Amino acid sequence: MLNIEKSLTPRLRMIASLVPECESLCDIGTDHAYVAIYLAKKGIAKKIIAADIKKGPLMQAEKNIALFEVDSKVETRLSNGFEKISVGEAECAIIAGMGGETIAEILENEKGCRYFVLQMQTAHKYLREYLSSHGYVICDEAVCKEDRKMYTAILAMRGEGQNLSETEKEIGPVLIKKRPPLFYDYVRYRLYEIETILKNMKDSTSGKKEHFIYLKEEYEKLLKDDTNG
Ligand SMILES: C[S@@+](CC[C@H](N)C(=O)[O-])C[C@H]1O[C@@H](n2cnc3c(N)ncnc32)[C@H](O)[C@@H]1O
């Protein structure tokens with residue numbers, strides 16, 4: 001018996017964990033469609049559109065959807081972002097496995113969804129800044145470790161935007177508040193990134209170096225609260 005849970009890597013599991021129960025969902029950039037299939041199997045979303053801009057990934061998604069026998073709940077759609085999604089068609093949208101800038105670009109044409117589950121590979125600050133200045137509120141966040149990399153994901157809803165500090169934009173306001181088990185490992189992971197950047201950075205007058213030094217100090221302050229560290 002095929003078990004979709006075996007196909008979920010920690011990153012995909014984390015994305016799925018943030019999805020609220022909903023009537024309808026679109027997974028923009030579905031690729032393998034594993035998250036969509038899992039959500040259909042679990043009944044977390046009743047109707048799912050697994051969308052991708054490319055035919056190749058969509059064909060793979062179709063194969064997997066048939067293999068796991070969720071064809072009645074998951075349909076595939078060739079779509080650039082929300083282009084082929086109608087207004088009000090999806091209560092929740094997942095946009096995952098892309099850079100923060102691409103996710104923000106896709107959100108520009110969203111179609112009235114209530115929930116947004118976003119997982120950015122890069123540009124954390126850019127995406128959280130975009131959300132806070134475009135009337136979204138970050139309601140929940142999660143962190144995971146997969147192989148030697150660490151990832152975070154966001155559950156956002158439409159609201160009045162929010163004011164975020166530089167550190168909250170980088171690390172995540174909810175993660176800083178909730179401090180889940182992998183939180184301090186994640187801060188150390190981001191601190192290591194900054195230390196590497198600083199090591200390779202020549203003295204600059206643009207203020208970039210000062211910004212990274214500021215972040216380094218902020219991360220070190222967060223790590224002082226780690227009683228196991
Ligand atoms: C790295 S994969 C991520 C797949 C899956 N969401 C995940 O998190 O594992 C990115 C997928 O997004 C698709 N994609 C990129 N830009 C897109 C866009 N503007 N609209 C729809 N799909 C897009 C790509 O074709 C690719 O299949």
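Observations
- Annotation note: of Leu198, Leu222, the sole residue that is of a type outside the set (D, E, K, R), under 23 Å from the mean Cα position of the chain (by Cα) and over 16 Å from Thr152 (Cα atoms) is Leu222.
- Checking each residue in the range 86-119 for being within 10 Å of the ligand (Cβ to nearest atom) and aliphatic (A, V, I, L, M) picks out Ile94, Ile95, Ala96, Met98, Ile103, Ile106.
- For the range 12-20, the count of residues that are more than 17 Å from Ala153 (Cα to Cα) and surrounded by fewer than 17 Cβ atoms within 10 Å (Cβ to Cβ) is zero.
- Within the range 1-37, being more than 8 Å from the ligand (Cβ to nearest atom) and assigned to a strand (DSSP E or B) holds for Cys22, Glu23, Ser24, Leu25, Cys26.
Where a number appears in this text, it was derived from the coordinates with a stated rule and is not lab data. Because the structure is predicted, anything quoted here is derived from the model rather than measured. Quick reminder, even Gly has a Cβ in these numbers, built from the backbone with ideal geometry, and neighbours come from all protein chains shown.
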